[in-house]
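Notes follow once the structure below has been shown.
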Amino acid sequence: MAVLVTGATGFIAQWVIHYLLRENYRVIGTVRSQEKGDKLHRQFGSPSNLSFEIVEDISDTEAFEPIFEKRGNIIDIVLHTASPFHFNTSNYEKDLLIPAVNGTKGVLNAIKKYGNVKHIVVTSSYAAIGDVTKFADGSCVFTEKDWNPTTWKGCQTDPVNAYFGSKKFAEEAAWQFNKENNVSLTTINPVLVFGPQKFEEEVTSQLNTSNEVINGLIHSKPGDKIEPDEHFVYVDVRDVAKAHLVAFQKGLSGQRLGLCNNRFSSQDILDILNEKFPQLNVSKGPEPGKGDTRPGALFDNSRSKKLLGFPFIGLEQSVYDTVFQVLNKEGNL
């Protein structure tokens with residue numbers, strides 16, 4: 001069985017490929033350049049069942065057609081993880097909204113035109129579910145039935161809102177395609193994704209957007225004021241990757257799988273850092289040992305957890321594995 005993984009060099013995608021290869025799937029990844037594909041192939045140990053196709057620009061709605069024209073007869077599963085996730089832009093349409101929507105539409109239209117795909121899994125986000133104006137409200141509870149209420153124009157106020165909008169509109173495009181073409185579709189909607197990189201050499205001074213929450217605290221100093229002081233929800237990247245496989249292995253068609261383990265705060269992370277890595281001498285935080293005293297909105301994804309059927313990694317383990325990897329790369333263990 002052949003599985004296409006778009007955005008193969010991504011934080012989540014690398015773990016997805018890891019689990020696919022471990023279960024002996026034939027994996028085809030999309031990358032932006034031959035150099036990136038060669039590097040990733042080397043990192044995985046150059047397995048014969050891993051190959052790559054180049055997609056330079058996912059905002060081109062025809063970018064995926066050559067892959068399916070060439071290999072559509074062998075691709076059974078599509079895991080579409082490719083989508084921009086960064087806040088370093090002021091051109092919100094060009095850099096976030098259009099690539100996310102066009103990338104999703106492009107993959108789906110290529111499947112329709114050339115493919116014979118049995119199941120499609122689209123990596124969406126909690127950003128497509130939650131209302132950002134209510135995230136600080138500890139009495140608010142979101143579920144997989146909720147949708148971010150933002151509009152195309154309304155989300156273009158800042159990069160965070162633009163990213164949230166990009167995930168909403170891309171996922172809406174996927175479900176509209178599903179409605180019109182009756183495909184077997186699942187979306188994966190993770191909250192803030194913590195956890196180690198698949199390969200330590202990918203660890204740099206600046207990590208992926210989610211892990212920067214942890215990275216900033218790793219490099220804090222005693223007495224530092226914690227800004228931003230996060231009160232949000234998390235899930236570990238390895239659980240997100242596993243969910244992609246379970247989605248098609250269990251045939252969870254038509255499901256929107258919300259991925260969240262629990263709430264967390266910056267204080268929670270600092271408490272873990274001070275207990276597990278005392279040599280760092282980081283900030284104690286405003287309320288050491290008290291955990292999250294101002295919890296934000298809750299994501300009740302109990303339904304998705306039941307469908308997936310595996311236990312999620314806890315905050316302490318996720319933070320520990322992330323920090324250990326960073327310190328090991330920096331030579332600070």
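The values are calculated or read from the model by the stated rules, or taken from the named source; none is laboratory data. As the structure is a prediction and not an experimental result, all values here were calculated from the model. Methodologically, a virtual Cβ is constructed for each residue, glycine included, from the backbone with ideal geometry; neighbour enumeration extends over all protein chains shown.
Considering Val31, Val27, Val55, which residue is within 30 Å of Asp236 (Cβ to Cβ), in contact (Cβ under 8 Å) with a residue 12 or more places away in the chain and in contact with a Leu (Cβ under 6 Å, 6 or more places away or on another chain)?
Details: Val31 fails: in contact with a Leu (Cβ under 6 Å, 6 or more places away or on another chain); Val55 fails: in contact with a Leu (Cβ under 6 Å, 6 or more places away or on another chain).
Matching residue, one of Val31, Val27, Val55: Val27.
Working only within region 33-67, note down all residues that are under 17 Å from Leu79 (Cβ atoms), in a loop (DSSP other than H, G, I, E, B) and modelled with pLDDT of 95 or more.
Quick first cut of region 33-67, residues under 17 Å from Leu79 (Cβ atoms) only: 37, 40, 44, 49-53, 55, 58, 63-64, 67.
Going one step further and asking which of them are in a loop (DSSP other than H, G, I, E, B), we end up with 44, 49, 55, 58, 63-64.
Across region 33-67, the qualifying residues are Phe44, Asn49.
Picking from residues in region 12-68 that are within 22 Å of Ile188 (Cβ to Cβ) and of a type in the set (Ser, Thr, Tyr), the one that is farthest from the chain's Cα centre (by Cα) is Tyr25. Among the residues making up region 260-304, those that are touching a residue at least 40 places away in the same chain (Cβ under 8 Å), assigned to a helix (DSSP H, G or I) and of a type in the set (D, E, K, R) are Asp268, Lys276, Arg303. When the residues of region 175-195 are filtered to those that are over 21 Å from the mean Cα position of the chain (by Cα) and assigned to a helix (DSSP H, G or I), which remaining residue is nearest to His119 (Cα to Cα)? For region 175-195, the residue satisfying everything is Asn178.
Of all residues in region 2-32, which are part of a helix (DSSP H, G or I), within 15 Å of Ser51 (Cβ to Cβ) and either out of contact with any strand residue (DSSP E or B) (no Cβ under 9 Å at 6 or more places or on another chain) or β-branched (Val, Ile, Thr) (or both)?
Filtering region 2-32 for residues part of a helix (DSSP H, G or I) gives 11-22.
Retained after the next criterion (residues that are within 15 Å of Ser51 (Cβ to Cβ)): 13, 17, 20-21.
Scanning region 2-32 gives a single hit, Ile17.
Selection of region 110-126 for residues being of a type outside the set (Ser, Thr, Tyr), part of a helix (DSSP H, G or I) and either at pLDDT 95 or above or touching an Asp or Glu at 6+ places or on another chain (Cβ under 8 Å) (or both) yields Ala110, Lys113.
Considering only residues in region 29-65 that are out of contact with any Ser or Thr (no Cβ under 8 Å at 6 or more places or on another chain) and among the acidic types (Asp, Glu), the one that is surrounded by the most Cβ atoms within 10 Å (Cβ to Cβ) turns out to be Glu65. For Thr151, indicate whether it is within 19 Å of Phe232 (Cα to Cα) and either more than 18 Å from the chain's Cα centre (by Cα) or part of a loop (DSSP other than H, G, I, E, B) (or both). No, not satisfied. Checked against (1) within 25 Å of Asn208 (Cα to Cα); (2) over 20 Å from the mean Cα position of the chain (by Cα), Ser318 meets all criteria but (2).
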